[in-house]
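Shown next, in C-alpha cells, is the structure this report addresses.
Derivation of every value follows stated rules applied to the coordinates shown; laboratory data play no part. Keep in mind that what you see is a predicted model, and the values were worked out from it rather than measured. Cβ coordinates were reconstructed from backbone atoms using ideal geometry, including for glycine residues, and neighbour counts include every protein chain displayed.
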Amino acid sequence: MSEIIPLTQAGAVIMACWAIISGIGAWKREFIGKRQIELAEQVLAKFFEIKDAIAMIRSPFSNLDEGKTRKRGDYELPEVSQLLDRGYIVFERYSKKETVFADFMMLKYRFMASFGAEAEQVFVDTSAVLNSIFVSAQMLGTHYWQRQGRVSMEPDEFAQHLAEMRQHERIYWDHGSEDDEVRMKLTSIQERLDALVKPCFQEPMRTYNFLTKQWGQRRLG
C-alpha cells in the first residue's frame, strides 16, 4: 500500500512536467481556448490594417487624377469643381480599402460575445475616427475652401473661419506631427484593444500553481 502513494505522486509530477514541456502555446490554447486567441489575433491584425488604410486615406500627397470620379453638378463652375474634387479624394481612397473596414466590423459581435459588451467601444470609436475624416472632407470641400479668399469677412469672422478650417485640415490630412489628432485617437483605441485581449496571451500561472500546490499537499500528506 505504501508503494501505491509514491506512484500516485510520481504520476502527478509527470503530468505537471508534461504540461510545461508541451509548450506554453499549447498550454494557453488548451486553458483559455483556441477560438478566443485566434479571434483576438484576427481583430488585432484587422485593426493594424485599418491604421494603415487611414494613413493612406489621409496622405497629403495626391496626383491630378484623384477626386475626378465625383459626380459633377450640371452648373458647377470649374474652380468649384476643383475644390470639391480635392475634398472627394478621401472618399475615393476609402473605396479602395472599404473591405478592410467591412471585415473589421464583421468581427464586432463575435468579439463582444467573447470579450464582453465593453469591447463594442473599440468598434464604435474606430468608426467615429473614420467618420470625422469624412465630415472634415465634406466641410472643407463644400464650405471652408470655397469661402477662403472668395467671401468678404470681418476680421473676427475671418479668424474664426481660419481656425475652423485649419482644424478640419488637421483631421483631413496627416502631416506626421506627434500631436496628430487622428493618430492619437487610433493609438488610444489600440491600447484599449490590447488591454482587452491581453489575458489571452498571459502566462497561465494560476492553473499551474494550483496543480503544483495540490501535488505538494499530497506529497506532504
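Quick notes on this one:
- Cα lying deepest toward the dipole's positive end in region 63-160, options Thr126, Ala102, Ser81, charges on Cβ: Ala102
- Highest mean packing first, where packing is the average number of other Cβ atoms within 10 Å per residue, the peptides 82-95, 54-67, 149-162, 125-138 line up as 82-95, 125-138, 54-67, 149-162.
- For region 121-135, Karplus couplings with θ = phi - 60° (6.51, -1.76, 1.60), whole Hz, Gly/Pro x: 4, 4, 6, 4, 5, 5, 5, 5, 4, 4, 5, 5, 5, 4, 4
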